[in-house]
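Asks: I have a structure I would like to understand better, so I am pasting it below and will then ask my questions one at a time.
The values are calculated or read from the model by the stated rules, or taken from the named source; none is laboratory data. Just so you know, these numbers come straight off a predicted model, no measurement behind them. Cβ: placed from backbone, ideal geometry, glycine included. Neighbour counts: every protein chain shown.
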Amino acid sequence: MENEITQQKLAVLIDADNAQAAIIEELLAEIAKYGTANVKRIYGDWTNPYLKSWKELLLKYSIQPIQQFGYTQGKNATDSALIIDAMDLLYTGEFDGFCLVTSDSDFTKLAARIRESGLVVYGFGERKTPEAFVAACDKFVFTEVLRDEEEQHSIRKKSTRQLKQDTNLVNLLRNAVEASSDESNWAHLAPVGSYIAKKSSEFDPRNYGYEKLGELVEATQLFEMERRSVNGGHSKVIYIKDKRK
């Protein structure tokens, strides 16, 4: 499954007005987990000094700038240009998915339209991103977790008590385990993660200060955990079971 994901051909479209240049390296590294960025375009009015921080990075990361003048005050011409390009790329049939980098809810309908065509949509934006756009994506990553190592450590891990008090998280984990469990109520962690991804596009263990799903599950202390050998080898997989069962 992982090999299939990494082979996805992706179109990365960045709204320069609503994305932070400081996280571009971490952003592209995150996108590489999902596939290959065959197209990388960024949209904005490049005559605007506000985009200077982006201009200095375009050549280094091979991102194609798309110039869009703000012809009318109060109207976002950048959004329209990005949407038109996205539809053109969609109709080529050459891509498996799109990465929309923005915190703007104006792209909600675009994300939904791409998904209607059977392609996957990965969204990247700040925590202020409206829920409608987050929900319209197959997976949404809050860019606050895409920082350099020093800044990532500044995101405090939620304690076991805090995790248990998060009703939405607890219900999500328990429902995922129940849906993925066998007759003995044990569930392989991988299907649990897949279930969660389908139910909650914005779910990410890093939002709670944990690098991996297994670490988050263990921290809740609500589940039994077993690490089982695969075919008698050294590699192990994680199985989990609701302690209430």
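Asks: Against the condition modelled with pLDDT of 95 or more, of a type outside the set (Asp, Glu), part of a strand (DSSP E or B) and closer than 30 Å to Leu10 by Cβ, how does Phe140 come out, does it pass?
Replies: yes
Asks: Another question, if that's okay. Can you find a residue that is part of a helix (DSSP H, G or I), under 25 Å from Ile196 (Cβ atoms) and in contact with a Ser or Thr (Cβ under 6 Å, 6 or more places away or on another chain) anywhere in the range 114-127? Don't jump to the end; show me each part of the working.
Replies: Looking only at the range 114-127, we keep the residues that are part of a helix (DSSP H, G or I), and these are 114-116.
Narrowing further to those that are under 25 Å from Ile196 (Cβ atoms): 114-116.
Filter once more, keeping what is in contact with a Ser or Thr (Cβ under 6 Å, 6 or more places away or on another chain): none.
Checking the range 114-127: not a single residue is part of a helix (DSSP H, G or I), under 25 Å from Ile196 (Cβ atoms) and in contact with a Ser or Thr (Cβ under 6 Å, 6 or more places away or on another chain).
Asks: If you don't mind, another one. What is the residue count in the range 31-68 for residues that are in a helix (DSSP H, G or I) and either hydroxyl-bearing (Ser, Thr, Tyr) or modelled with pLDDT of 95 or more (or both)?
Replies: 3
Asks: When you scan the range 199-245, how many residues do you find that are part of a loop (DSSP other than H, G, I, E, B), among the aliphatic types (A, V, I, L, M) and in contact (Cβ under 8 Å) with a residue 12 or more places away in the chain? Steps first, answer last, please.
Replies: Narrowing the range 199-245 to residues part of a loop (DSSP other than H, G, I, E, B): 200-204, 209-212, 221-222, 230-235, 243-245.
Keeping just the survivors that are among the aliphatic types (A, V, I, L, M) gives 222, 230.
Next, only the ones that are in contact (Cβ under 8 Å) with a residue 12 or more places away in the chain stay: 222.
Number satisfying all stated conditions: 1.
Asks: Where the second residue is of a type in the set (Ser, Thr, Tyr) and part of a loop (DSSP other than H, G, I, E, B) and the first is assigned by TED's automatic domain parsing to the domain that holds Ala86 and lies in the range 101-123, which pairs have Cβ atoms under 7 Å and are six or more apart or on separate chains?
Replies: Here the result reads Ser103/Thr129; Tyr122/Tyr34, each pair linking the range 101-123 to a residue that is of a type in the set (Ser, Thr, Tyr) and part of a loop (DSSP other than H, G, I, E, B).
Asks: Follow-up question, since we're still on this one. Determine whether Tyr43 is among the aromatic types (Phe, Trp, Tyr), touching a residue at least 60 places away in the same chain (Cβ under 8 Å) and surrounded by 15 or more Cβ atoms within 10 Å (Cβ to Cβ).
Replies: no
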